[in-house]
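Every read-out reported here was derived from the displayed coordinates using simple, explicitly stated rules and does not represent laboratory data. Worth saying up front: this structure is predicted, and the values here are computed from it rather than measured. Backbone-built Cβ (ideal geometry, glycine too); neighbour counts: all protein chains shown.
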Amino acid sequence: MKRDSTLIILFDEEKKILLQHRTKDARIMPDHWSFFGGAIEKGETPEDAVKRETLEELNYKLKNPKLLMTQELHWKGHEGKNHIYFEKCEDKSGLKLKEGQDWSWFKIEDAKKLKIVVQFKEVLDCLKDKI
């Protein structure tokens, strides 16, 4: 299935990033740690989609997400482009986990040791010089 997606990486003042632990029955990347985000809907720009997905999944309104990279995704029959954004989380108090089984803040080097897809390790390498 080919579908383009958008992802957000929120980071805090300690340069820790927020990741979600996907459920075991998730359609894509079950039981993996991942970034928050989802599919771009018809008529949406990637930036519109990342703002919508972040509000839906975290109850967080992005202010000025910056595009980190666009990456081809190939994972067990799922293909498309991931538009990956990042933004500093200025206020954690309103965050709510609305998707996934868990979430946590990680230092980038610790995140690379988690069960994540290989393509996302490349994203973490690119991110460490940007935050």
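Note on the chain: with a GNM built from Cα contacts shorter than 10 Å, the maximum mean-square fluctuation among 49, 111, 26 falls on 26. Take the alpha carbon gyration tensor of the chain, find the square roots of its eigenvalues, order them as a ≥ b ≥ c, and report rounded if a/c is under 1.5; if not, report prolate when a/b exceeds b/c, else oblate. Rounded.
Summed over qualifying helices (DSSP H, 4 residues or more, each -39500 (n - 2.57)) and divided by its residue number, the chain shows a 222 nm mean residue ellipticity of -6000 deg cm²/dmol. Could you pull out every one of the aspartates and glutamates with an alpha carbon less than 20 Å from that of residue 112, ignoring same-chain neighbours closer than 8 positions? Partners within reach: 12, 13, 14, 31, 72, 87, 102, 122, 125, 129. Of all the options 18, 73, 97, the one that moves most in a Gaussian network model of the chain with Cα springs shorter than 10 angstrom is 97.
Applying 0.36 nm per residue to the separation of residue 106 and residue 56 and subtracting their alpha-carbon distance, the gain on full extension is 15.8 nm.
Straight-line reach from residue 42: which aspartates and glutamates have a Cα under 13 Å away, not including same-chain ones fewer than 8 places off? Within reach: 4. Given their separation in residues at 0.36 nm each and the Cα-Cα distance between them, residue 97 and residue 114 gain 4.2 nm when the chain is fully extended.
Comparing 117, 9, 43 along the charge dipole axis of the chain, the residue lying farthest to the positive side is 117, per the Cβ-charge model.
Normalised by the number of residues in the chain, the average gap of Cα pairs under 8 Å and 6 or more apart makes the relative contact order 34 percent.
For the pair the range 96-116 / the range 1-69, the C-alpha centres are spaced 12 Å from each other. For the pair residue 2 and residue 67 in one chain, pulling the backbone fully straight at 0.36 nm per residue adds 21.3 nm over the alpha carbon distance. The DSSP beta bridges internal to the range 5-127 are antiparallel in roughly 75% of cases. Exceeding 23 Å between C-alpha atoms, which entries from my cross-link table qualify? They are 96/130; 16/81; 61/98. As for pairs spanning more than 23 Å Cα to Cα, those are 96/130; 16/81.
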